[in-house]
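S.K.: Please find one structure pasted underneath; my questions will follow.
The values are calculated or read from the model by the stated rules, or taken from the named source; none is laboratory data. From a predicted model like this one, the values you see are computed outputs, not experimental measurements. Because the Cβ atoms are built from the backbone with ideal geometry, glycine has one as well, and the counts that use them run over all protein chains shown. In case anyone asks, the SASA skips ligands and DNA or RNA and just uses the protein heavy atoms, side chains included. Shrake-Rupley method; radii C 1.70, N 1.55, O 1.52, S 1.80 Å.
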Amino acid sequence: MRLFLYCCILLQPMLFFGQEGLKYQSILIDETLKKNAHSILRNERLEVTIPNQRTIEFDNYRVVTVFNKKGNSDVDAYAHYDKETRIKKMEATIYDKFGKEIKKYKKSDFKDVSAVSGGTLFSDSRVKYLEYTPTSYPYTVEYHYTTTSTNTAFIPGWVPNGSYNASTEKSSYTINYNQDVLALKYKVINSSDQITIKESPGQISVSIENYEALVPEAYSPGFENISPKILFALDKFHLAGVDGDAKDWESFGMWINNYLLSGTQEVPEETKMEVLRLVEGETDTVEKARKIYEYVQEKTRYISVQVGIGGWKPMLASEVDALGYGDCKALTNYTKSLLDVAEIPSYYTVLYAGKEKKDIQPDFTSMQGNHAILSIPNDDDYIWLECTSQEIPFGFIGDFTDDRDVVIITPEGGKIVHTDVYDYKENTQDLKGSYTITLEGSIEAQVEMNSKGIQYDDRYLVENQIEKDQKDHYYDFWDYVNNMEIQSIAVENDKNEIVLTEKVAFKADNYASFAGDEMLVSLNAFNRSTYVPKRYRNRKYGVRIDRGFIDTDSVSVTIPKEYSLPESIENIHVESEFGTYDVEYTLGEDNTISYIRKYVFLDGEFPKEKYSDFRKFLKKIARYDSQKIVLTKIE
């Protein structure tokens with residue numbers, strides 16, 4: 001009997017450890033959640049408390065299991081702080097795949113660094129984060145932190161998974177607020193039936209369970225457009241010592257104008273006189289604006305400066321004038337200040353920048369956006385100015401800020417407008433080239449390419465690259481041409497017409513291949529489309545093509561006199577709802593072949609059932625672009 005009791009006493013700690021450790025054993029996770037997942041959010045509890053306009057508290061508990069190195073970034077064990085935000089508690093525990101504890105971290109063990117990149121001159125924002133290098137997978141991180149802040153302008157949104165290939169076992173988000181003095185609003189984006197939303201006086205809670213990972217697909221609408229998300233905001237907020245109003249875009253714009261921009265736009269008298277001399281005699285308002293914009297480009301450079309009201313208030317225009325640098329807010333505000341001197345109206349503009357288009361939510365007034373540009377009213381439209389670039393042409397914004405809803409800050413308040421859309425007919429590349437094939441199958445080639453629209457945007461930076469980087473750019477562009485040696489490069493950038501002209505000469509050994517007395521040559525040496533997207537057994541999302549284009553190629557090919565041309569080459573025509581593709585061959589009497597190619601690629605959105613047809617369209621073009629003709633040696 002004693003022996004039995006003694007054994008039970010010994011087993012108790014082991015049983016206790018086993019029960020506690022079980023919840024973090026990766027083997028217990030539902031297999032459907034593991035599918036396509038680099039990580040799984042095992043449990044998340046975020047509680048936000050807002051007792052008044054100037055106080056917000058966060059209590060965040062999350063457990064993440066990581067299966068491979070691609071999932072390391074999903075741990076998200078970090079917290080931002082600054083002079084308005086204080087970290088009260090911060091701790092983490094690491095577990096191995098069996099649920100056994102590996103290591104504990106207390107607040108002082110977290111790395112403490114500036115919250116911005118090395119390109120930032122100075123900042124008052126910092127971040128503490130967990131630095132852990134796994135020795136094996138899977139592993140689990142249990143993380144808990146609490147913060148308090150006087151900034152109520154930014155209430156975190158809720159997403160069931162923060163990225164592709166990340167599943168969620170359980171997540172809940174609760175906001176408690178003082179309904180007597182605060183008005184809390186929310187907006188659901190890309191709703192899911194799995195989301196539960198509960199509202200009661202002074203509280204809103206959101207939860208989800210067993211949400212499977214989203215998997216990226218080629219030409220899909222993008223993560224922002226398929227992942228569920230809920231936005232939250234207060235009508236009355238506080239930001240770095242200043243009360244704000246976000247009841248509607250008009251009042252929010254007035255707040256930005258009165259508290260963020262007002263008093264920042266004065267420039268020295270000397271600079272005012274220089275601006276007036278610059279535009280003296282010019283009667284056209286657009287040309288005046290162009291001269292001032294180019295003056296700013298020559299005088300300033302971009303450096304991030306994350307200070308002021310939450311990083312939203314621009315530094316003084318007089319400081320930019322004296323120092324010659326600033327971030328997007330500062331340079332936009334400075335350009336506006338100089339335009340004001342010339343009595344040219346312009347509007348500070350807030351938006352989401354990035355190659356993937358993202359709109360300011362027009363029906364949800366709140367602190368949104370990650371970038372600032374300038375807009376100049378021009379009849380019923382606007383001229384858009386990207387003020388951070390020293391190279392981009394006046395009035396051209398490219399795919400960084402095109403085709404999206406933005407908020408302009410006018411004297412009457414904020415207004416939602418849409419930036420320029422680059423139609424496929426504007427995104428052109430006109431190519432003219434020629435090459436001679438030697439008896440050994442090598443080629444000597446010359447080509448000229450004229451690019452406009454988004455195709456200009458993709459290429460204009462090559463102008464100011466050093467020679468080595470230029471060559472690397474073209475080697476990459478023509479990566480299907482082996483043994484290439486670039487002999488000359490000339491780039492002309494017409495910023496007034498926004499046309500880039502590239503002239504390149506190169507040679508390539510063994511371009512053609514041989515089969516006995518036959519020479520096999522792909523006539524398209526200059527502009528092949530080689531990409532064929534992945535096949536999906538069960539496509540989940542529709543097809544989205546953000547930007548179309550037109551390529552027109554005219555190429556003359558001279559073959560060795562020792563070889564004969566084929567009697568004829570069949571022309572090619574491909575037509576679909578995604579575009580058209582045409583190739584026309586003309587055989588010359590002087591052993592030349594004229595190769596005329598026109599490829600029209602249309603933008604648009606299509607149902608997922610069309611993806612197979614879309615892929616077939618691209619596959620045909622890739623095959624025809626690489627298609628070879630046969631030249632026969634003359635006996």
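S.K.: Please identify the pairs in which a residue from the range 39-58 that is more than 22 Å from Pro134 (Cα to Cα) has its Cβ atom under 6 Å from the Cβ atom of a residue that is of a type in the set (D, E, K, R) and open to solvent by 20 Å² or more (accessible area, probe 1.4 Å), counting only partners at least 6 apart or on another chain.
M.R.: Pairs that qualify, where the first residue is more than 22 Å from Pro134 (Cα to Cα) and the partner is of a type in the set (D, E, K, R) and open to solvent by 20 Å² or more (accessible area, probe 1.4 Å), are Glu47/Asp59; Thr49/Glu57; Gln53/Lys236.
S.K.: I'm trying to understand the selection: among the residues of the range 526-549, which are of a type in the set (Phe, Trp, Tyr) and touching a helix residue (DSSP H, G or I) at 6+ places or on another chain (Cβ under 8 Å)?
M.R.: Selection gives Tyr531, Tyr536, Tyr541, Phe549.
S.K.: Have a look at Gly281, Gly263 and point out the one that is under 17 Å from Asp340 (Cβ atoms) and open to solvent by 50 Å² or more (accessible area, probe 1.4 Å).
M.R.: Gly263
S.K.: Sort through Tyr480, Tyr475, Tyr424, Tyr435 and tell me the only one that's assigned to a strand (DSSP E or B), at pLDDT 95 or above and either open to solvent by 70 Å² or more (accessible area, probe 1.4 Å) or more than 30 Å from Val296 (Cβ to Cβ) (or both).
M.R.: On inspection, the qualifying residue turns out to be Tyr435.
S.K.: I want to confirm something. Restricting to the range 569-599 and keeping residues that are free of Cβ contacts under 8 Å to residues at least 60 places away in the same chain, under 20 Å from Asp625 (Cβ atoms) and assigned to a loop (DSSP other than H, G, I, E, B), which single residue is most open to solvent (accessible area, probe 1.4 Å)?
M.R.: Glu570
S.K.: Name the one entry in Arg535, Arg539, Arg544 that is touching a residue at least 40 places away in the same chain (Cβ under 8 Å), open to solvent by 40 Å² or more (accessible area, probe 1.4 Å) and assigned to a loop (DSSP other than H, G, I, E, B).
M.R.: Criteria check complete, one pass: Arg535.
S.K.: Let me ask something else about it. Filter the range 385-397 for residues that are surrounded by fewer than 20 Cβ atoms within 10 Å (Cβ to Cβ) and closer than 20 Å to Glu356 by Cβ and give the result.
M.R.: Once the filter is applied, which keeps residues that are surrounded by fewer than 20 Cβ atoms within 10 Å (Cβ to Cβ) and closer than 20 Å to Glu356 by Cβ, the range 385-397 yields only Ser389.
S.K.: Please name all residue pairs, on different chains or six or more residues apart, with Cβ atoms under 9 Å, provided the first residue is in the range 453-481 and is more than 14 Å from Glu492 (Cβ to Cβ) and of a type in the set (Asp, Glu) and the second residue is in a helix (DSSP H, G or I) and open to solvent by 70 Å² or more (accessible area, probe 1.4 Å).
M.R.: Hits for this filter: Asp457/Phe400.
S.K.: If we only count strands (runs of 3 or more DSSP E) wholly inside the range 132-189, which ones have 2 or more residues that are buried (at least 20 other Cβ atoms within 10 Å of the Cβ) and at pLDDT 95 or above?
M.R.: Fully inside the range 132-189 and qualifying: 139-149, 166-177.
S.K.: Within the range 57-74, is even one residue part of a loop (DSSP other than H, G, I, E, B) and touching a strand residue (DSSP E or B) at 6+ places or on another chain (Cβ under 6 Å)?
M.R.: There is no residue in the range 57-74 that is part of a loop (DSSP other than H, G, I, E, B) and touching a strand residue (DSSP E or B) at 6+ places or on another chain (Cβ under 6 Å).
Conditions (1) among the hydrophobic types (A, V, I, L, M, F, W, C); (2) in contact with a Lys or Arg (Cβ under 6 Å, 6 or more places away or on another chain), marked per residue:
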position	(1), (2)
Gln429	no, no
Ile443	yes, no
Glu463	no, no
Ile486	yes, yes
Lys495	no, no
Ala508	yes, no
Glu518	no, no
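S.K.: Quick test of your reading of the structure: Asp112 fulfils all but one of (1) in contact (Cβ under 8 Å) with a residue 60 or more places away in the chain; (2) assigned to a strand (DSSP E or B). Name the failing condition by number.
M.R.: Among (1) in contact (Cβ under 8 Å) with a residue 60 or more places away in the chain; (2) assigned to a strand (DSSP E or B), the lone unmet condition for Asp112 is (1).
S.K.: Continuing with the same structure: Restricting the first residue to the range 621-632 and requiring it to be closer than 19 Å to Gly516 by Cα, which pairs with a second residue that is open to solvent by 60 Å² or more (accessible area, probe 1.4 Å) and assigned to a loop (DSSP other than H, G, I, E, B) meet a Cβ separation below 9 Å and a spacing of at least six or different chains?
M.R.: These pairs meet every condition: Thr632/Asp517.
S.K.: For the range 198-208, state whether one or more residues are open to solvent by less than 20 Å² (accessible area, probe 1.4 Å), of a type in the set (Gly, Ala, Ser) and under 29 Å from the mean Cα position of the chain (by Cα).
M.R.: Within the range 198-208 (the criterion being open to solvent by less than 20 Å² (accessible area, probe 1.4 Å), of a type in the set (Gly, Ala, Ser) and under 29 Å from the mean Cα position of the chain (by Cα)), the answer is no, since none of the residues qualifies.
S.K.: Check Leu276 against each of (1) open to solvent by less than 40 Å² (accessible area, probe 1.4 Å); (2) touching a residue at least 60 places away in the same chain (Cβ under 8 Å) and name the one condition it does not meet.
M.R.: Failing condition for Leu276: (1).
S.K.: Now a separate question. Just checking, which of Glu502, Glu492 is assigned by TED's automatic domain parsing to the domain that holds Ser556, crowded, with 19+ Cβ neighbours inside 10 Å and within 30 Å of Ile593 (Cβ to Cβ)?
M.R.: Glu502
S.K.: Would you check if there is a residue in the range 600-623 being of a type in the set (Lys, Arg), in contact with a Pro (Cβ under 7 Å, 6 or more places away or on another chain), assigned to a helix (DSSP H, G or I) and open to solvent by less than 90 Å² (accessible area, probe 1.4 Å)?
M.R.: Among the residues of the range 600-623, at least one is of a type in the set (Lys, Arg), in contact with a Pro (Cβ under 7 Å, 6 or more places away or on another chain), assigned to a helix (DSSP H, G or I) and open to solvent by less than 90 Å² (accessible area, probe 1.4 Å), which makes the answer yes.
S.K.: Take the residues in the range 551-568 that are among the acidic types (Asp, Glu) and not in a strand (DSSP E or B), then tell me which one is surrounded by the fewest Cβ atoms within 10 Å (Cβ to Cβ).
M.R.: Step by step, filter the range 551-568, then rank; the result is Glu567.
S.K.: Let me ask something else about it. Between a residue in the range 162-187 that is touching a residue at least 12 places away in the same chain (Cβ under 8 Å) and over 21 Å from Gln368 (Cα atoms) and any residue that is part of a strand (DSSP E or B) and basic (Lys, Arg), which pairs come within a Cβ distance under 6 Å, given they are 6 or more apart or on different chains?
M.R.: Pairs that qualify, where the first residue is touching a residue at least 12 places away in the same chain (Cβ under 8 Å) and over 21 Å from Gln368 (Cα atoms) and the partner is part of a strand (DSSP E or B) and basic (Lys, Arg), are Glu169/Arg42; Ser172/Arg45.
S.K.: Touching a residue at least 24 places away in the same chain (Cβ under 8 Å) and either under 18 Å from Asp551 (Cα atoms) or open to solvent by 50 Å² or more (accessible area, probe 1.4 Å) (or both): does that describe Ser442?
M.R.: The answer is no for Ser442.
S.K.: Run down Pro377, Pro345 and say which single residue is open to solvent by 10 Å² or more (accessible area, probe 1.4 Å), assigned to a strand (DSSP E or B) and of a type outside the set (Asp, Glu).
M.R.: Result of the check over Pro377, Pro345: Pro377.
S.K.: Could you pull out the residue among Asn524, Asn493 that is modelled with pLDDT of 95 or more and under 15 Å from Asp625 (Cα atoms)?
M.R.: Asn524
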